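Every read-out reported here was derived from the displayed coordinates using simple, explicitly stated rules and does not represent laboratory data. All values derive from a computational prediction rather than experimental measurement. In this analysis, Cβ positions are derived from the backbone assuming ideal geometry, glycine residues included, and neighbour counts consider all displayed protein chains.
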Amino acid sequence: MIQGYAEAHGVAPRTIASGLAMMRRASLMIRRLESYFNDQGLSQLRFLVLIVIDREPDRDTLTVGELTERLDVAGPVVARTLRFLLDDGLITQAKDTGDARIKHVGLTRFGQERLEALLPGYLAIIAEEMDKPL
């Protein structure tokens, strides 16, 4: 199959095989991460919201628009995810003082603690998967 695709599309067989192996590896890692977050009562997207807010070196909050852009997820999905995180006490949400249409989202102390508790397991999965040979 690989040889046939390579000949038909002018791509080296090794490139195709490496790409397929990388995609398989990524798929397995995503499944492990989804299982980990599920066991922790979160989704991968909810975790990503927390980590995207946390990684800002000079800010404590991001706007909903900034989160939507950085996550590259549809606005309604982000809004629903933020509602869950707000209900769980992991984030705060405040209207902008200059423009009430803009909402600023930050981590609560509980959200920060939850993220710090999740990071070791998250990073361990990534390290284990990245250490595996292709």
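Summary of values
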| read-out | value |
| --- | --- |
| Protection proxy ranking, peptides 112-119, 11-18, average beta carbon neighbours within 10 Å, highest first | 112-119, 11-18 |
| Contour minus Cα-Cα distance for residue 54 and residue 124 (0.36 nm per residue) | 23.3 nm |
| Proximal charge balance of residue 71 [Cβ under 13 Å; K/R count +1, D/E count -1] | +1 |
| Modelled label reach - residue 8, point 7 Å along Cα→Cβ, the stretch 21-52 residues with backbone N closer than 19 Å | 21 |
| Using θ = phi - 60° and Karplus 6.51 cos²θ - 1.76 cosθ + 1.60, couplings along the stretch 29-44 (whole Hz; Gly, Pro as x) | 5, 4, 4, 5, 5, 4, 5, 4, 5, 4, 4, 8, x, 10, 10, 4 |
| Exposure proxy order (Cβ contacts within 10 Å, fewest to most) of 2, 30 | 30, 2 |
| Sequence-distant residues sharing a close amide H with residue 91 (under 5 Å, placed H) | 86, 108 |
| Which label in [x] 17.2; [y] 15.7; [z] 15.1 gives the computed Kirkwood radius over Cα pairs in Å | [x] |
| Value at 222 nm in deg cm²/dmol, rounded to 500, when DSSP H runs of n ≥ 4 in the chain each add -39,500 (n - 2.57) | -22000 deg cm²/dmol |
